[in-house]
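Only one structure is covered here, and it is reproduced in the block below.
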Amino acid sequence: MVQVSYKISHSAYTKLLFHAAKYPHQPVCGVLIGSLSSTSSSKSVAVTDAIPLLHHWTNLSPIMSIGLDLAYVYAKSRALDVVGFYQATEQLNDLSLSPVGGIIASQIRQTFTETLALVIDGTRVASSEAALIPFFADGDRWKKHPSGFSPYSPFELQYATSPARALSLIREQSLHLKLGDFDDHLERVSVDWLQNDQCRDVAFKG
Amino acid sequence: MDLTSALQRLASYRAKQSRASADIVKDGELVLRKAGLTKLGDEEWAFLEQLALAAIDTGKLDVADDITDGYAIQACLERLAAKFPESPRVDVLQGIRMEATESSETVIRYYNTLLEADESNIAAWKRKISVLKSSGDIKTAVQELSTLLDTFYTDVEGWLELGSIYSSCNQYTSALQCLSHAMILAPQNAFYILEAAETAYSAADIPLALKFYLRVVEMLDEPPTSGTTPSRPEGPTLRAWYGVKLCVRDLLTSTSTASQSESQTTPPSEKHLKLLDELSTERILAAYSPSSSKAGEGPPLGRETVVKWLENTSSTS
């Protein structure tokens, strides 16, 4: 079997954390976009960015379905793929992929076989490690990857300093309040949920 | 930041019951620092309750500890308890404080004591259900909430919560039943109808979802009058128009499955569906029209993506 590895960009990592930090008492979810490159012996997925979708009614499907459609249109216009799904729950210690999350991830997998699902680990957000738990598809089910983000695991951050940097942007600059998701956009169409340039970390490229 | 505006903001958060906890703590600390409690008069009590809740919510259990005559949460609570002895409201606040640090068993035992003393303490009952839910005991939470709603049928918040728990377990038909109670109790509230529309869609009852979405736009969107530019849909209205577009697309493109309806709702005829398709496209585009941006707000963003999506989903393509 060909090994697939995943690399999470700084921009994607900070957006995931910002989304969870902006709505701490609500579940949030969104999609990961990026691209696949492969050689004969290995495949690697670069998760270059994230598009935050919902924080209201995350268990209901119509707005999710429209948001997902729009994310696909946007990714295509940038010559990128939708490569995964992420979510965070409102419970600090609930670290499983919700049933609805599994369904959406499986749906994305129909167009991108190497689809990844990430759950934000509320217990590790304040540490300097990656606060993400990777899930992979095993048939119809989604399972927690045994190795998680660690050295020599298939999952890594592009910049090891992203977690500490994200934390300081949240604590010192409240940059997470500037992030907007599709639900925010439906309330105010001036919210740029697809790119979220307003909360890009200017000190970082990528 | 000045004191008057901080106090105004705090009062407005209370009136709207906003869960803007981080802002409340920030404003609250300022009020404590600049005025102290004595100058607040009767507002003091509502303020203390608000600050205590917000501080617990943000995990700042030592809020204002560093201020000389400030109040830590415990002091807030003691002051309230001294002013209102045996107040169920203060008792529940004390329980919420316990939820932040104690085990769910301890907190449930505490709420049970409150309920034994006064079984009509609905706030304590709801907190108990909330603790059951967050500790993962969904089954008991649903049982308790159903019993609560048998006793207090008119509690809309309770019906919405029960519906939301059912949705989280993918039991959309049961969720829809809860929402229908909320809609009977508050028929003028378009948000409940919007939630019912989205729940019906999730339950794969597309004709019923379309009916609810249309009800929402009928209630919220201003009908065009001749000679004026049409209004720009926003907020729940825009959300509902997106929903109309989605339902119409499903009904027009797929043959039999989409028009199946557990609630026996008849979908509109193909001719009407096509008209609705045109109308929803027009209304969504109106929301993104560059000239329609409101004062103090930036221009609509992401229009190209929306236009492409509308083209892809158009029934004629």
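Points worth noting:
- Couplings for segment B:27-34, taken from phi via the Karplus curve 6.51 cos²θ - 1.76 cosθ + 1.60 with θ = phi - 60°, read 5, x, 5, 5, 4, 4, 5, 8 Hz in order; Gly and Pro are left as x.
- The label-point distance for B:GLU311 and B:ALA186, in a model that sets each label 7 Å from Cα toward Cβ, rounds to 4.2 nm.
- Unit charges at the beta carbon, dipole of the protein assembly as shown: most positive-side option, A:GLN3, B:TRP125, B:LEU208: A:GLN3
- Peptides ranked, highest mean first, by Cβ atoms within 10 Å: ranges A:140-150, B:271-281: B:271-281, A:140-150
- Only Cα pairs under 8 Å and 6+ residues apart enter the sum, and on that basis the relative contact order of chain A stands at 25 percent.
- Average beta carbon contacts from partner chains per residue of B:298-307, 10 Å cutoff: 6
- B:SER21, A:SER127 arranged by Cβ crowding within 10 Å, fewest neighbours leading: A:SER127, B:SER21
- Residue exposure proxy: A:VAL47, B:VAL107, ordered by other Cβ atoms within 10 angstrom of their Cβ from fewest to most, comes out as B:VAL107, A:VAL47.
- Build a GNM of chain B with springs between Cα atoms under 10 Å apart, and of B:LEU301, B:LEU246, B:LEU176 the one that fluctuates most is B:LEU301.
- Proxy reagent accessibility, fewest Cβ within 10 Å first, across A:HIS185, A:HIS19: A:HIS185, A:HIS19
- Charged-residue dipole, Cβ positions (Lys, Arg, Asp, Glu), the protein assembly as shown about Cα centre, Debye nearest 20: 1300 debye
- Taking every DSSP helix (H) stretch of at least 4 residues in the protein assembly as shown, weighting each as -39,500 (n - 2.57) and dividing the sum by the residue count yields a mean residue ellipticity at 222 nm of -16500 deg cm²/dmol.
- Here's the picture: charge each Lys and Arg Cβ at +1 and each Asp and Glu Cβ at -1 in segment A:3-199, and of A:GLY148, A:GLY84, A:PRO24 the one pushed furthest to the positive end of that dipole is A:GLY148.
- Residues of type lysines that B:LYS211 reaches as a straight line, Cα spacing below 27 Å, ignoring anything fewer than 8 places off in the same chain: B:LYS245, B:LYS271, B:LYS274, B:LYS308
- Rule-of-thumb Rg ratio for segment A:81-206 [Cα; 2.2 N^0.38 Å; N residues]: 1.13
- Pairs of Cα atoms nearer than 8 Å and 6+ residues apart set the relative contact order; for segment B:1-84 it is 28 percent.
- Debye, to nearest 20: dipole size of segment B:6-145, +1 on Lys, Arg Cβ, -1 on Asp, Glu Cβ: 500 debye
- Think of each Lys and Arg Cβ as +1 and each Asp and Glu Cβ as -1; about the Cα centre, that makes the dipole of segment A:3-199 roughly 320 debye.
- Residue mean of other protein chain beta carbons inside 10 Å, A:189-198: 5
- Averaged over the residues of A:53-66, the number of partner chain Cβ atoms lying within 10 Å of the residue Cβ comes to 6.
- Look at the dipole of segment B:1-84 built from charges on Cβ: of B:ALA54, B:GLN8, B:ALA82, the Cα furthest out on the positive end belongs to B:GLN8.
Laboratory data are not the source of any read-out in this text; all were calculated from the coordinates shown. Just so we're clear, the structure is a prediction, and the values are computed from it rather than from any experiment. Cβ atoms come from the backbone with ideal geometry, glycine included; neighbour counts cover every protein chain shown.
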